[in-house]
Amino acid sequence: MDPTCRRGSDFGGRSAEFTMSAPPALGDIMRDQVALPPLETLFETKHGRALKLTPNLTRLYGNLRMPQARFRQHVFSNFVTTLDGVVSLQAKGHAGGADISGFSVQDRMVMGLLRAIADVVIVGSGTLDADPRHLWTPDGICPELTDDYRRLRKALRKCVTPLNVIVSGSGQIDLRLPVFTSDRVQALVVTTTAGANHMRKRKVPHSLEIRAIHRCRGMIPASSVLDAVGQMNAGNRILIEGGPRLLGEFYARRLVDEQFLTLAPQIAGRDDGDGRLSLVMGQTFAPRSARWGTLTDVRRGSNHLFLRYAFPSMPAPKNY
Ligand SMILES: NC(=O)c1ccc[n+]([C@@H]2O[C@H](COP(=O)([O-])OP(=O)(O)OC[C@H]3O[C@@H](n4cnc5c(N)ncnc54)[C@H](OP(=O)(O)O)[C@@H]3O)[C@@H](O)[C@H]2O)c1
């Protein structure tokens, strides 16, 4: 499929802006814009190549280094968590990340920046369900910086928007959602054969590609997801935005190179059986097979910390 460069401009939040009963008014967004203060870099390493950000993004974020992803896929993930490790409250109208970050505009700025340097953004169907009208584009999360993100992508010679990938074993997803029908992004669904059969019984929008992973039932191996993404020739910089079940599968296969993690200064709490999610669900690693990372970057935005860890990873399945 031709990686057509299309424009995306929707709102989201670490989702929730769309799922909240009262979406933010333009006035609030404009106030945020005025109030968007720069991050303070507390610790950084010199690994990777410094990307040439726009002057405004450099002012807001500082230096951003990324490894060359010319010959292999580079997989990085970005989440926000509370101090007590909750990434989703799983409460109606409050399931998204915005309730976790406290609607932090700096968190949205970083999300937009990471999307702006990504060729591909991958999410699971649960994350799509939580924010069904969202597009995983830089300006979809931080419209205030639309122009900066657009200029950055142009300088990096990337398509206007990253490929939006939804992973779903069952194929039980609504194909009428904007991510499939808005024509603002190119979308790929990676699913099982049964899931693809289920989806093809309905009208498949022309901007949607469906890839079925054969001989696979239930969980699709992360390596197969990356394989399917690689076949789209969309590029090697792969951003995983969740949710926890999808991310767990990537950690299980040791296919995460880096974790960006915003630490929001709230204690959310948990009750037995309330279903609140943590960063990784559906997998257990410690104590037998803990995944230990190396801290590579720390920034501060008011009371939030923006952390970055490197993880030893397996080489991605193929070099594209
Ligand atoms: N705090 C944050 O930064 C953050 C980030 C992302 C999401 N979230 C929140 O997390 C919540 C969703 O959590 P979640 O764990 O349910 O989300 P998820 O990982 O996006 O979705 C899980 C579902 O997607 C499908 N899926 C994911 N990976 C798959 C694989 N490898 N193979 C086959 N199917 C796969 C499966 O459903 P089917 O087979 O039925 O399709 C699975 O039940 C939402 O509330 C969201 O807002 C928070």
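Here L239 qualifies as within 23 Å of Q283 (Cβ to Cβ), among the hydrophobic types (A, V, I, L, M, F, W, C) and more than 11 Å from the ligand (Cβ to nearest atom).
Only one of the numbered conditions (1) out of contact with any Leu (no Cβ under 6 Å at 6 or more places or on another chain); (2) more than 16 Å from the ligand (Cβ to nearest atom); (3) within 16 Å of H74 (Cβ to Cβ) is violated by R253, and that is (2).
Of the residues that make up region 259-270, is at least one in contact with a strand residue (DSSP E or B) (Cβ under 7 Å, 6 or more places away or on another chain), among the β-branched types (V, I, T) and not in a loop (DSSP other than H, G, I, E, B)?
yes
Looking at D107, D99, can you tell me which residue is among the acidic types (D, E) and touching a Leu at 6+ places or on another chain (Cβ under 6 Å)? It is D99.
Does E249 satisfy the condition of being touching a strand residue (DSSP E or B) at 6+ places or on another chain (Cβ under 6 Å) and acidic (D, E)? In short, no. Cβ separations smaller than 6 Å between residues 6+ apart or across chains give the following pairs from region 228-249 residues that are basic (K, R) to residues that are more than 16 Å from the ligand (Cβ to nearest atom): R237/A69; R237/H74; R237/D119. Among the candidates G273, G293, the residue that is without any contact (Cβ under 8 Å) to a residue 12 or more places away in the chain and of a type in the set (G, A, S) is uniquely G273. Screening R176 with (1) modelled with pLDDT of 95 or more; (2) over 20 Å from L64 (Cα atoms); (3) in contact with a strand residue (DSSP E or B) (Cβ under 9 Å, 6 or more places away or on another chain) gives one miss only, at (3).
When the criteria are applied in full, R217 fails the requirement of being in contact with an Asp or Glu (Cβ under 9 Å, 6 or more places away or on another chain), part of a loop (DSSP other than H, G, I, E, B) and either within 12 Å of the ligand (Cβ to nearest atom) or at pLDDT 95 or above (or both). Among the residues making up region 173-197, those that are within 14 Å of the ligand (Cβ to nearest atom) and touching a Ser or Thr at 6+ places or on another chain (Cβ under 7 Å) are I173, V189, T191, G195. Checked against the criterion of being more than 19 Å from V87 (Cα to Cα), at pLDDT 95 or above and among the small types (G, A, S), the candidates A252, A290, A268, A264 yield just one match: A290.
For V189, the requirement of being modelled with pLDDT of 95 or more and in a strand (DSSP E or B) is met.
A single member of V165, V225, V204 is β-branched (V, I, T) and away from the ligand (no atom under 13 Å from the Cβ), and it is V204. Against the list (1) under 13 Å from the mean Cα position of the chain (by Cα); (2) within 15 Å of the ligand (Cβ to nearest atom), the condition P138 fails is (2). Filter region 61-111 down to residues that are more than 16 Å from the ligand (Cβ to nearest atom) and more than 20 Å from the chain's Cα centre (by Cα) and give me whichever is modelled with the lowest pLDDT. Among those residues, the one meeting the criterion is R70.
Going by the conditions given, is G282 modelled with pLDDT of 95 or more, within 16 Å of the ligand (Cβ to nearest atom), on the phi > 0 side of the Ramachandran plot and touching a Gly at 6+ places or on another chain (Cβ under 7 Å)? Against the criterion (modelled with pLDDT of 95 or more, within 16 Å of the ligand (Cβ to nearest atom), on the phi > 0 side of the Ramachandran plot and touching a Gly at 6+ places or on another chain (Cβ under 7 Å)), G282 qualifies.
Highlighted here are the helices (runs of 4 or more DSSP H) found entirely within region 49-161 that include at least 2 residues which are among the hydroxyl-bearing types (S, T, Y) and surrounded by fewer than 24 Cβ atoms within 10 Å (Cβ to Cβ): 55-61.
The values are calculated or read from the model by the stated rules, or taken from the named source; none is laboratory data. The shown structure was predicted, so the numbers you read here are calculated from the model rather than taken from an experiment. Quick reminder, even Gly has a Cβ in these numbers, built from the backbone with ideal geometry, and neighbours come from all protein chains shown.
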